[in-house]
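Have a look at the structure below, then the notes.
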Amino acid sequence: MTKRRSGDPAAAPALEEAEGELYGAPLEDFVATRNALAKSLKAGGDAAGAKAIASRRKPTVALWALNQLARRHRAEVERFLEAGETLRVAQASDPEAFRAARESDRKLVARLTERAAAILEAGGHAASETNLERVRANLRAAAGASDEERERLRRGTLTAEIEPGGFEQAFAALGIEGGALRQASEKRAPGKQKRAEAPAVEPTTKAKSETLRKASAAEARRDEVHEAEREARALRTEAAVASRQTTQAQRHAEQAQQRHERTEAEVEAAARTLERLREKLSEAASAAEDAARALAEAERAEAGLRKRLDAAEARAARLRKKR
């Protein structure tokens with residue numbers, strides 16, 4: 001990887017790419033993926049990007065499902081975001097258009113929630129009413145979300161659940177609430193009986209949202225605990241394997257040392273045997289030399305005796321002739 005300084009303009013796309021990989025990973029792999037990406041960015045010279053990735057908290061199950069929605073059903077999520085824009089425009093000017101847009105939005109939310117349930121089940125997570133209600137709440141809140149939150153929803157990289165805004169509260173009050181909408185409606189139907197003002201948002205709406213948020217946070221904490229326990233189990237397994245490998249390596253080392261010591265002893269014994277053989281060979285060579293000298297002396301003595309014998313026989317022959 002090419003090293004990048006923290007201020008390098010190319011660092012931002014690298015961070016976005018890392019975020020895309022992080023939030024697209026299976027929920028149970030989030031922590032491991034986050035650590036690997038942070039390490040990779042740091043090794044590439046992007047210290048700021050590494051720090052940013054390392055600080056990302058593991059998403060709740062509902063938030064993970066939302067990010068997967070954006071990745072697996074992009075066209076539907078894009079239509080949903082466009083419907084939100086329509087709601088924004090119609091809310092302040094055209095009650096009828098607003099109602100129609102709201103109905104379309106409701107259907108899209110229902111459809112996307114069904115998609116989210118399928119994603120949760122396929123990912124091995126509970127498609128519980130708590131999780132699905134958090135998905136619906138985030139989708140409803142998206143209409144009044146900031147541009148950054150909507151863009152993150154579009155890319156599937158939401159880092160936190162979307163807090164309910166004005167639209168979400170208005171929808172809780174049946175989609176229309178006093179002010180410009182009621183006045184515009186009265187102008188369009190001047191002879192009709194004036195409708196009662198829409199009730200204010202019930203306190204239970206916020207209470208319910210807070211309860212769901214706490215339940216979602218508790219579930220996220222449970223997921224983190226389960227993830228930590230899973231990692232601990234994996235580490236214990238790795239430690240046990242490493243211990244067995246160490247014990248086996250020590251045993252092999254001891255066996256190798258024993259073989260080495262036996263070989264050394266055999267070499268030393270062979271060296272002593274060789275030395276004894278050399279001594280015997282030297283003694284044999286010395287004895288052979290002595291024997292050779294004795295043989296030479298014996299041969300010389302024999303030759304001398306033969307000459308004397310020949311001389312004696314010749315003298316005897318001469319004496320016999322004189323007789």
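May I ask for the net charge around Ala36, where only other residues with Cβ less than 10 Å from the Cβ of Ala36 are counted and Lys, Arg are +1 while Asp, Glu are -1?
Around Ala36, the charge tally is 0.
Find, among the trypsin sites (Lys or Arg not before Pro) in region 52-149, those assigned to loop by DSSP (not H, G, I, E, B) with at most 15 other beta-carbon atoms within 10 angstrom.
Here the sparse-neighbourhood loop sites are Arg57.
Ordered by packing density, taken as the mean number of other Cβ atoms within 10 Å over each peptide's residues, highest first, how do 122-128, 243-249, 48-54, 60-66 rank?
60-66, 48-54, 122-128, 243-249
Work out, step by step, the length gained on full extension between Ala43 and Arg308: first 0.36 nm times the residue separation, then minus their alpha carbon distance; give nm to one decimal.
Extra length available between Ala43 and Arg308 comes to 84.5 nm.
Taking the simple approach of a point 7 Å from Cα along Cα-to-Cβ for both Ala52 and Arg323, what is their distance in nm?
14.5
How far apart, in nanometres, would the label points at Glu163 and Ala75 be if each is projected 7 angstrom from Cα along the Cα-to-Cβ direction?
Each label point lies 7 Å from its Cα, and together they span 3.7 nm.
Bear in mind that the values in this text are calculations on the coordinates, not laboratory data. These numbers were taken from a predicted model, which means no experiment stands behind them. Quick reminder, even Gly has a Cβ in these numbers, built from the backbone with ideal geometry, and neighbours come from all protein chains shown.
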